[in-house]
Every structure is written in C-alpha cells, then in structure tokens.
1. Name the residue, out of 83, 126, 120, that is surrounded by fewer than 18 Cβ atoms within 10 Å (Cβ to Cβ) and small (Gly, Ala, Ser).
2. Any residue at all in the range 117-130 that's within 30 Å of residue 252 (Cα to Cα) and not in a helix (DSSP H, G or I)?
3. Sort out which residues of the range 186-232 are modelled with pLDDT under 85, of a type in the set (S, T, N, Q) and either within 24 Å of residue 58 (Cβ to Cβ) or surrounded by 20 or more Cβ atoms within 10 Å (Cβ to Cβ) (or both), and write them in order of number.
4. Just to be sure I understand, how many residues within the range 237-258 are of a type outside the set (Asp, Glu) and closer than 20 Å to residue 128 by Cα?
5. Collect the residues in the range 139-185 that are over 22 Å from residue 43 (Cβ atoms), of a type outside the set (A, V, I, L, M) and not in a helix (DSSP H, G or I), keeping them in residue-number order.
6. Does residue 164 meet the test of being in contact with a helix residue (DSSP H, G or I) (Cβ under 8 Å, 6 or more places away or on another chain) and modelled with pLDDT of 80 or more?
7. Going through the range 95-109 one residue at a time, which ones are at pLDDT below 75 and surrounded by fewer than 22 Cβ atoms within 10 Å (Cβ to Cβ)?
Amino acid sequence: MDLTGIITAILSALFMGTVGVFARITGLGAETITLFRLLLGAGFMLCFLLATGQIRWVYRWPSWPVLLNGAMLAGFIILYVQAMAYTTMANAIMLVYLAPLTASICAHCFLGERLTRLSAGLIGLALIGFAMMMEFRIDLGGSSRHLLGIGFGLLSMLCYTAFILINRVIDERIHVYTSTFYQLLTGGLLMLPLCLLQHPELPMPTWPWLAATGLIPGFLAILCAVIALSRLPAATFGTLAYIEPIAVIGFGWGLFDETLSLLQISGCLLIVIGGILKTWSSVTAEAISKSASNHEVP
C-alpha cells in the first residue's frame, strides 16, 4: 500500500475538519465559507504552482471528469448545509458519511476493487463507531421539513460518493496538480452566484480567517484528497475519511468546550481502530502478494 496515499488521506481528513472552526470563528454563512474555501483554495494552488515553477500544469486540459468533480465537490458541501437547515445536524452528518461506505461498495461492483470479508467488516466497524459518535440519534419523524432535509442529505451523500469514485477513474495522465486546481476553481465558480445572492458583509477582521479557510480546508485538504485518491483504493480512502468527524469533535472539545459522552468516545476509538486495521490489512496483503510474485519460478 502506498504510504504517501495513506498519509495524504489522513492529512486531508484533518484539514477538512477545520472548516467548522473557521465558520464558527467568523460567524459567516455556509455559502460564503464554501466560496472562499474553494475559490481561494484555487488561488493558493495557482500560487504554489507559480512558486515551484510548475505553472505548466494549469495550461493542460483537465478533462470533463475533473470539471464534473468540481461540481460534485461544491454540490456535496452546499447540499450538506441545506440538509442541516431542515433536519438535525446528526442526521445530516450520518447521511453524508455513508458516502465512503457507498463508494467502497460501488468500487467493488463497478471498478474491480474487490472487498474482502475483512475489509467489509472493518468498514462496517467504522460505520458503527460513527453511529456511536452520534449516539444512535437518527430521528425519522414525519414532518415535511424533516423529510426535505433527509432528501438534501441523501443528495449530498451521492455527490460525495461521486467525488470519491470520479477521482478514482480520472485519467492517470492528468497530473494531480491539474486535477486539484480545476476541481477547486470549478467548485468555487459554481458557488459564486449563490454567495452573491446572499450579499454577505465581510468585516476586515474576518479576512485572515477567510484566507486560512482557503489555505487549509481548501487548498491543502483537497490537494491531499486528490493525491490520496489517485493512489489508494476507494475502500481504504473511505475508511480513513472517518478521521474527519473525529477531528471535528476534537476541535469542538479542545477549542469550544464541547463535551463527549462515554459512548461517543467509544465510537471514536472504534473508528480509529477500524482505520488502522483496514490500512494494516491492505499493507500486509500487498506485501504477501509481492513476496509471492518474487518467489515465482519463471
């Protein structure tokens, strides 16, 4: 298993988890935060390519799947925000984080990334751990607003699933820098009209935080995710992605004095254990496969 892919997947999850911190500190709307996360992220990516003498990757045609994935990136974020406006945050998060599991199943069925019984069991373990983090509170009440929220949550989950899967099938000849820049740019441009409709006020003290939003959960998080998805099977990335909600809870606990119950702490441990064992099993399986091939008699 590619160590770079594992490290970048973990970093991506941690960086993505910071967006809630910046949203709470600035007090700005989700549309504004998402816009700056993606559009400034594309700007930081451009500066990175200029500084490292690799601007040539911007001049390459990114392909339609890359542009489509930019739309999926913006879609899953804004639909997730809409879901929280109509239903509980716990319901919205649970629905969105069914995406890594869904992506693993789809990759098993359509991309030839076969799930072993151990892999399926560990993904299930991570999902159970996440449900424990949410204290199994999924209210399926019958109000029309609630059902609309469930619908938005499911659509967000589908966009996130598509984001994972499309990154797995993007032509390998397209450099990850090209893919990252155009995914961020496309998502940001799609968010621009939605943000302008809100006419947000942006006081000067919020600008450093907005810049950090574009740098950390924007540029760094998406770059790491694209690199990881180009190197790891969907099942491995999907399991490691569950580190993000743990990071969110950790930030809330450490920065905003939000407490965790014993059940939630146990759920966090299950997710970490599931991710470690899934990665370890993949590394072990690959090592055994290489060892067997090296000992084959010509």
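The values are calculated or read from the model by the stated rules, or taken from the named source; none is laboratory data. Nothing here was measured: the structure is a model prediction, and the numbers come from that model. Cβ: placed from backbone, ideal geometry, glycine included. Neighbour counts: every protein chain shown.
1. Details: 83 fails: surrounded by fewer than 18 Cβ atoms within 10 Å (Cβ to Cβ); 126 fails: surrounded by fewer than 18 Cβ atoms within 10 Å (Cβ to Cβ).
Exactly one residue qualifies, and that residue is 120.
2. no
3. Correct list: 230 only.
4. Let us first name the residues in the range 237-258 that are of a type outside the set (Asp, Glu), namely 237-243, 245-256.
Add one more test, that the residue is closer than 20 Å to residue 128 by Cα, and what stays is 237-243, 245-250.
Summing the residues that are of a type outside the set (Asp, Glu) and closer than 20 Å to residue 128 by Cα in the range 237-258 gives 13.
5. 139, 141, 142, 143, 171, 172, 173
6. On the way: in contact with a helix residue (DSSP H, G or I) (Cβ under 8 Å, 6 or more places away or on another chain): yes; modelled with pLDDT of 80 or more: yes.
So residue 164 fits the description; yes.
7. Looking only at the range 95-109, we keep the residues that are at pLDDT below 75, and these are 95, 97-98, 100-101.
Once the filter is applied, which keeps residues that are at pLDDT below 75 and surrounded by fewer than 22 Cβ atoms within 10 Å (Cβ to Cβ), the range 95-109 yields only 98.
Rundown of residues vs (1) more than 13 Å from the chain's Cα centre (by Cα); (2) under 12 Å from residue 177 (Cβ atoms); (3) at pLDDT below 90, yes/no style:
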| site | (1), (2), (3) |
| --- | --- |
| 55 | yes, yes, no |
| 62 | yes, yes, yes |
| 67 | yes, no, no |
| 75 | no, no, yes |
| 79 | yes, no, yes |
| 82 | yes, no, yes |
